[in-house]
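Only the coordinates and a few stated rules stand behind these numbers; no lab work does. These numbers were taken from a predicted model, which means no experiment stands behind them. Here the Cβ positions follow ideal geometry from the backbone for every residue, glycine too, while neighbour counts run over all protein chains shown.
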């Protein structure tokens, strides 16, 4: 049984235009056509779920494409997962700081936020690039863990 593109779109929640784009990028493969409609193997739904999970975690489509072997089966690099988890930890810390700063600013008794010591600390952190979108330089990929010598 094959699913046409509209069935895949309906079941997965992924618009047909995105399915065509994913096929163009090599993320999914159609198995043929029924008239003008692309046909897909039902396994495409699981693959689309993996793609959605990767996108939610913040991976680019190119990174996700590298997570599949030539046979179409997942071949996920664990170091890449660890690096993304570390990146998410940094994002969570930054967002937590921002949330706490906003909550404080909403109730701060200082006459002006610029007179509030806590707000000034947050401002200095943003200025230095510790929080926010400013990056000093792109960080290198993490090094693989050291292997213990065999005895």
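Some notes on this structure:
- Between helix 117-128 and the chain there is an angle of about 50 degrees, using the helix long axis and the longest principal axis of the Cα atoms.
- Seen against the Cα atoms of the chain and their longest principal axis, helix 44-57 is set at about 10 degrees.
- Alpha-carbon centroid distance for the pair region 1-70 / region 71-129, whole angstrom: 33
- As a length-normalised measure over Cα pairs under 8 Å and 6 or more apart, the relative contact order of the chain settles at 14 percent.
- Equivalent-ellipsoid semi-axes for region 1-40 (Cα gyration tensor, √(5λ), whole Å, largest first): 14, 12, 8.
- Linear extension gain, residue 76 paired with residue 11, 0.36 nm per residue minus alpha-carbon span: 20.9 nm
- Judged by the ratio a/c of the largest to the smallest principal axis of the C-alpha gyration tensor, the chain counts as oblate, that ratio being 1.5 or greater while a/b is no larger than b/c.
- Ranked by the mean number of other Cβ atoms within 10 Å of their residues, highest first, the peptides 36-45, 85-94 come out as 36-45, 85-94.
- With respect to the chain, whose longest principal axis is taken over its alpha-carbon atoms, helix 78-107 is tilted by about 40°.
- Burial ranking of peptide ranges 117-128, 19-30, 69-80 (average Cβ count within 10 Å, highest at the top): 19-30, 117-128, 69-80
- The helix-only estimate of mean residue ellipticity at 222 nm for the chain, built from DSSP H runs of length n ≥ 4 each weighted as -39500 (n - 2.57), is -16500 deg cm²/dmol after division by the residue total.
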